[in-house]
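Participant: What follows is a single structure, and I will ask about it in a moment.
The values are calculated or read from the model by the stated rules, or taken from the named source; none is laboratory data. Please read these numbers as outputs of a predicted model, since none were measured by experiment. Positions of Cβ are generated from backbone atoms using ideal geometry, with glycine treated the same way; all protein chains shown enter the neighbour counts. To get the accessible areas, we keep the full protein, side chains included, count just its heavy atoms, and leave off ligands, DNA and RNA. Shrake-Rupley method; radii C 1.70, N 1.55, O 1.52, S 1.80 Å.
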Amino acid sequence: MTANTHIIDQLDALHSVVPRLAEASSLAIDCESDGLHHWKSRLCVLQCALPDGEVCIFDTLVLSLPLGEVLGEVLGSGGPVKILHDLYFDAWLLRGAGITLGRVVDTSVHARFLGLRE
C-alpha cells in the first residue's frame, strides 16, 4: 500500500473521509464479497479511488453499521460520478448494504461500444 491508501475500519475515520469523497469529481468503485464462503454473498470490502490517487478501503465487516446512512448520499445520485466495471454485482452488494448507486459509468458497457469483449 502507498501513503495515499487508507484502511477505514473505525467510525471516526469513516466520518472524516466522507467530505473528501463528496467533493471529488468522480470515484472509482470496486466491491469484494464473501460469496465463496457463504450461500448469500455480502459486502466485505468497498474500495474507492479518488482522482488524485487517494484510495480508501472500507472494511465493511468491521464497521458493521448501515453504510447507507453514512455513504448513501455520496454514492447516490447526489454525489460524484461513480466509475465501475461490470457494475451489476457491485450494485447488488451495495444495495444490500443500504446504498443505491447513482450517476454511474460502467466501463464494461463503454468497452462493448468500442467493440471490445474483455
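Participant: Considering region 77-94 alone, what residues qualify as being in contact with a Leu (Cβ under 8 Å, 6 or more places away or on another chain) and surrounded by fewer than 16 Cβ atoms within 10 Å (Cβ to Cβ)?
Facilitator: Correct list: Val81 only.
Participant: Then there is this: Mind checking which residues of region 95-118 are surrounded by fewer than 18 Cβ atoms within 10 Å (Cβ to Cβ) and either of a type in the set (Gly, Ala, Ser) or in a helix (DSSP H, G or I) (or both)?
Facilitator: The answer is Arg95, Gly96, Gly98, Gly102, Thr107, Ser108, Val109, His110, Ala111, Arg112, Phe113, Gly115.
Participant: Now, a different point. Confirm whether Gly53 is outside any helix (DSSP H, G or I), closer than 30 Å to Leu116 by Cα, more than 10 Å from the chain's Cα centre (by Cα) and in contact (Cβ under 8 Å) with a residue 12 or more places away in the chain.
Facilitator: Yes, satisfied.
Participant: Inspect all residues belonging to region 36-46 and state whether any of them is open to solvent by less than 80 Å² (accessible area, probe 1.4 Å), assigned to a helix (DSSP H, G or I) and not charged (D, E, K, R).
Facilitator: no
Participant: So which of Ser16, Ser64 ends up being on the phi > 0 side of the Ramachandran plot, among the hydroxyl-bearing types (Ser, Thr, Tyr) and surrounded by fewer than 14 Cβ atoms within 10 Å (Cβ to Cβ)?
Facilitator: The conditions single out Ser64.
Participant: Considering each residue of region 85-94, count those that are charged (D, E, K, R) and in a helix (DSSP H, G or I), and give that number.
Facilitator: The qualifying residues number 1.
Participant: Would you mind telling me which numbered condition in (1) open to solvent by less than 50 Å² (accessible area, probe 1.4 Å); (2) assigned to a helix (DSSP H, G or I); (3) under 16 Å from Val18 (Cβ atoms) Glu73 fails?
Facilitator: Going through the list (1) open to solvent by less than 50 Å² (accessible area, probe 1.4 Å); (2) assigned to a helix (DSSP H, G or I); (3) under 16 Å from Val18 (Cβ atoms), Glu73 breaks only (1).
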